[in-house]
1. For ASN238, which of the numbered conditions (1) over 14 Å from the mean Cα position of the chain (by Cα); (2) surrounded by fewer than 18 Cβ atoms within 10 Å (Cβ to Cβ); (3) in contact (Cβ under 8 Å) with a residue 40 or more places away in the chain fails to hold?
2. Quick check on my filter: what residues within the range 11-38 are more than 6 Å from the ligand (Cβ to nearest atom), small (Gly, Ala, Ser) and within 14 Å of THR189 (Cβ to Cβ)?
3. Is there any pair linking a residue in the range 87-100 that is within 22 Å of SER193 (Cβ to Cβ) and more than 8 Å from the ligand (Cβ to nearest atom) to one that is of a type in the set (Asp, Glu) and not in a loop (DSSP other than H, G, I, E, B), with Cβ under 8 Å and at least six apart or on different chains, and which?
4. Looking only at residues in the range 59-78 that are part of a loop (DSSP other than H, G, I, E, B) and under 20 Å from VAL29 (Cβ atoms), which one is farthest from the ligand (Cβ to nearest atom)?
5. Pull out all pairs, ordered by first then second residue, where Cβ-Cβ is under 9 Å, the residues are six or more apart or on different chains, the first lies in the range 146-162 and is farther than 27 Å from ARG122 by Cα, and the second is outside any helix (DSSP H, G or I) and among the acidic types (Asp, Glu).
6. Test THR43 against the criterion of being assigned to a helix (DSSP H, G or I), among the β-branched types (Val, Ile, Thr), within 12 Å of the ligand (Cβ to nearest atom) and touching an Asp or Glu at 6+ places or on another chain (Cβ under 9 Å), and give yes or no.
7. Which of the residues spanning the range 209-223 are touching a residue at least 12 places away in the same chain (Cβ under 8 Å) and assigned to a helix (DSSP H, G or I)?
Amino acid sequence: MNHYALVTGASRGIGKAIAVELAKSGFHVLINFKSGIEAANDTLKIIEDEGGKASLLPFDAASKESVRNALSQWKETHPEEHIYCLVNNAGITRDNLLVFMEDEQWESVINTNLNGFYYLTRSLIQDMILNKEGRIINIVSLSGLKGQPGQVNYSASKGAIIAATKALAQEVGKKKITVNAVAPGFISTDMTSELPEQELKKMIPLNRFGKAEEVAHLVAFLASPKASYITGEIIQINGGLYTR
Ligand code: NAP
């Protein structure tokens, strides 16, 4: 397979594990990050050491110009290729109770998580439609399904992507493009490193936080031909913490 997969926020955490797993599946992975070049190079090295193919593609997912410049430059230098799989993974939290929420906390979360999803997907969907194939996998969250106090901004951003996943799946299904979302619970990454894991894990039936690699396996399945009849789904991966 010489398919390209773009993973946003692939320098650390869940995105890094997804990049490594997709490379194992045979994708040439485009490793996006915003500022952590050393961490991104580490992802690249892991993939190359395992015999996989990858390249760095830095941009700020929250910036329309940054996304569009990076993708149009990539297209100019790869006129014969297209990106088959897009994993919208880049995301941030800026937690606060709504009563104390600062505009910057609301706007940065919506810009990165929700607008980032739009800028990326809008930039790549036309090529997928022309090529009559593609996979879009959005990393959302339990917070976007259940709502999480202290995370009205984050819950809103992820809930909106969940609705967008269902709508877009219906728009592009006829073009053999699948659109799905993966909704993790607590996964051990930098994002959750400050949380009281020993306390929180008591609420989780599987009694532990998940691993980034466990999310990556699910994403690699959704990106594979084996998942060709799954679209418009929101698949939870949370150790049984929440079911619906
Ligand atoms: P993380 O460890 O904090 O890593 C975030 C990644 O996103 C980094 O590679 C970071 O790169 C990148 N990033 C952040 N802002 C960006 C931007 N504006 N443009 C491009 N890249 C950007 O986070 P994580 O825990 O792996 O989370 C990954 C995704 O899973 C997020 O969407 C998150 O909401 C979701 N999620 C996580 C959990 C969890 O428990 N960890 C649970 C549910 C959902 P730089 O360092 O270069 O900025």
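1. ASN238 satisfies every listed condition except (2).
2. Those that are more than 6 Å from the ligand (Cβ to nearest atom), small (Gly, Ala, Ser) and within 14 Å of THR189 (Cβ to Cβ): ALA17, ALA19.
3. Close Cβ pairs satisfying both conditions: ARG94/GLU104.
4. If we filter the range 59-78 for residues that are part of a loop (DSSP other than H, G, I, E, B), which is where we start, we get 59-63, 78.
Next, only the ones that are under 20 Å from VAL29 (Cβ atoms) stay: 59-61, 78.
Values: PHE59: 7, ASP60: 5, ALA61: 3, HIS78: 20 Å.
For the range 59-78, the residue satisfying everything is HIS78.
5. The qualifying pairs are GLN148/ASP95; GLY150/ASP95.
6. The answer is no for THR43.
7. ALA212, GLU213, GLU214, VAL215, ALA216, HIS217, LEU218, VAL219, ALA220, LEU222, ALA223
Results for (1) surrounded by 12 or more Cβ atoms within 10 Å (Cβ to Cβ); (2) of a type in the set (Phe, Trp, Tyr), shown as yes or no for each residue.
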| position | (1), (2) |
| --- | --- |
| ILE177 | yes, no |
| ALA181 | yes, no |
| SER193 | no, no |
| GLU199 | no, no |
| VAL215 | yes, no |
| LEU218 | yes, no |
| PHE221 | yes, yes |
| ALA227 | yes, no |
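No value in this document is a laboratory result; all are computed from the given coordinates. Bear in mind the structure is a predicted one, so any value in this text is a computation, not a measurement. Neighbour counts are summed over all protein chains in view; Cβ atoms, including those assigned to glycine, are modelled from backbone coordinates with ideal geometry.
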